[in-house]
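K.L.:
For reference, the structure I am asking about is given below.
The values are calculated or read from the model by the stated rules, or taken from the named source; none is laboratory data. Just so it is clear, the model here is predicted, and its values are computed rather than measured. Every residue, glycine as well, gets a Cβ built from its backbone with ideal geometry; the counts of neighbours run over all protein chains shown. Side chains included, ligands, DNA and RNA excluded: accessible areas come from the protein's heavy atoms. Shrake-Rupley method; radii C 1.70, N 1.55, O 1.52, S 1.80 Å.
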Amino acid sequence: MFIHMFGFRWKPEATNADKLRAKQEILAFRNVVPGLIEAHVGSNLSSRSQGYEFAGMMKFTTRAACDAYTTHPAHLALLEWLVPLIDPVELDFEA
């Protein structure tokens, strides 16, 4: 099993609609990305968040499935509009 975790610091121009859209599109990956077992996103509630307001975790069958996700058309479509609105951090590990 391979875990992909991420957090976003939203840039000032990101709207509430952008934040909701990101959540919806990430959760929709569950139905279209091969090898994706689980996807969860939400507000980061940690008191040590360092400004990362949005957090997510995706569980894949294998590292190869996670690697393939990075070039999946649904992921690329998300990145196209989302990247200018965030300062992201990512953590990946095998479990």
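K.L.:
Kirkwood hydrodynamic radius, the chain, all distinct C-alpha pairs: what's the number in Å? Walk me through the intermediate numbers first.
P.N.:
Values: mean 1/r = 0.0735 Å⁻¹.
Evaluated on the chain, it is 13.6 Å.
K.L.:
Let me ask something additional. Dipole of the chain, Cα-centred, from +1 at each Lys and Arg C-beta and -1 at each Asp and Glu C-beta, to the nearest 20 debye?
P.N.:
That gives the chain a dipole magnitude of about 220 debye.
K.L.:
Calculate for the chain the 222 nm mean residue ellipticity that helices alone would give, adding -39,500 (n - 2.57) per DSSP H run of length 4 or more and normalising by residue count, nearest 500 deg cm²/dmol. List each step's numbers first, then the result.
P.N.:
On the way: 3 runs with 30 residues, N = 95.
Using -39500 (n - 2.57) per qualifying helix, the result is -9500 deg cm²/dmol.
K.L.:
Separate question: Provide the net charge surrounding ASP18, with neighbours chosen by a C-beta distance below 11 Å and charges set as Lys +1, Arg +1, Asp -1, Glu -1.
P.N.:
Cβ neighbours under 11 Å give a net charge of +2.
K.L.:
Could you point to the residue in GLY42, TYR69, ALA22 farthest towards the positive end of the chain's charge dipole, with +1 and -1 charges on the Cβ of Lys/Arg and Asp/Glu respectively?
P.N.:
The Cα lying farthest towards the positive end belongs to GLY42.
K.L.:
If you fit an axis through the alpha-carbon atoms of helix 16-28 and take the longest principal axis of the Cα set of the chain, what angle between them do you get, 0 to 90°, nearest 10?
P.N.:
Tilt of helix 16-28: around 10 degrees.
K.L.:
By a straight-distance test (C-alpha under 14 Å), which aspartates and glutamates pair with LYS19 as possible cross-link partners, with residues fewer than eight away in the same chain excluded?
P.N.:
Straight-line reach from LYS19, under 14 Å: GLU53, ASP87.
K.L.:
Out of the total accessible area of segment 2-95 (probe 1.4 Å, heavy atoms of protein only), what percent is carbon and sulfur?
P.N.:
Solvent-exposed carbon and sulfur of segment 2-95 make up 56 percent of the total.
K.L.:
Taking 0.36 nm per intervening residue step and subtracting the Cα-Cα distance, what contour gain separates THR70 from GLU90 on full extension?
P.N.:
Once the chain is fully extended between THR70 and GLU90, it gains 6.0 nm.
K.L.:
Taking only protein heavy atoms into account and a 1.4 Å probe, give the accessible area per residue of the chain in Å².
P.N.:
On the way: 5720 Å² over 95 residues.
I get 60 Å² per residue for this part.
K.L.:
Just grab the label-to-label distance for ALA17 and MET1, each label 7 Å out from Cα along the Cβ direction, in nm (one decimal).
P.N.:
Placing both labels 7 Å along Cα→Cβ, they lie 3.8 nm apart.
K.L.:
Further question on the same structure: Along the Cα-to-C-beta direction of GLU80, a point sits 7 Å from the Cα; which residues of segment 15-57 have their amide N less than 17 Å from that point?
P.N.:
Label zone hits: 21-22, 25-26, 29.
K.L.:
Take every Cα-Cα pair in segment 24-79 and report what % of them are more than 18 Å apart.
P.N.:
Counting every Cα pair in segment 24-79, those more than 18 Å apart make up 36 percent.
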